[in-house]
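Each remark here refers to the structure printed beneath this line.
What follows draws every value from the coordinates through simple rules; no lab data is involved. Since the model is a prediction, treat every value here as computed from it, not as a measurement. Every residue, glycine among them, receives a Cβ derived from its backbone with ideal geometry; neighbour counts consider all protein chains shown.
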Amino acid sequence: MIPIYVLWMRQLKRYVRSRPRVIGSLGQPLLFLLALGFGLGPVFRKAGQGSYLQFLASGIVGMAVLFTAMFSGIELIWDRQFGFLKETLVAPVPRIQIMIGRTLGGATVAVLQGLVVIIIAVVAGFRVTHYAGLASALVFMGLIGLTFTALGTALASVLPDFQGFQLIMNLLVMPIFFLSGALFPLIGLPKLLDVIARLDPLSYGVDGLRTALTGVGHFGLGTDLAVLSGLCAVLLVLGGWLFSRIEL
């Protein structure tokens, strides 16, 4: 279990030391939160939906966790190109332990980013209506972080360079975010969009966060937890298998 702990702590140390990266990774979520939250707030209120900031905050928290988790795969490519991964893989430990340690570290960093966004959202006017749900919100942030860190690791295991990884990430991340219901309610969608939203893993993470923090949801907390947990398990297995097949 030592390699898991070491790699987990290594990811956290990178996060603490990389202050410019931390600030930069918060830029896009804050832009969406403040620009859309206040810019579209009057329109949302006139439509009879209440405070848009109250609705939007959970989606932006999910966005922060998603982006940080997915792009943790870049560190795997970085370590491969600069030799650290080779030194790690030749250690007499199962590769699955190495993958788990990296995934836990990436997911923890993603959750920390999500917590920072929650704090900023509260300062901006967001109100947690169910403080007992904060523990549930942490569970969903953890599941989102694990799910998409595992996906990022799986992709980085088969992609040899930064350019290919970034292209695939851009192809996946933005549709996953925009079609998850983070920016708009999932009620009354056209049939095609409704089907896509139900196939989007982040939809269940955002809905779980929104239910935990505000008490308003779409699928139901039990459904959100079951679907996201199942997808998380599948992607962890897939990521572990692909990571075990890396050739140096």
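Summary of computed values
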{"item": "Ranking of Asp161, Asp207, Asp194, Asp224 by count of other Cβ atoms within 10 Å, fewest first", "result": "Asp161, Asp194, Asp224, Asp207"}
{"item": "Fewest-first sequence of Tyr52, Tyr131 by Cβ atoms within 10 Å of each Cβ", "result": "Tyr131, Tyr52"}
{"item": "Ranked Leu179, Leu36, criterion: other C-beta atoms within 10 Å, fewest first", "result": "Leu36, Leu179"}
{"item": "Rounded if a/c under 1.5, otherwise prolate or oblate - segment 115-248, Cα gyration tensor axes", "result": "prolate"}
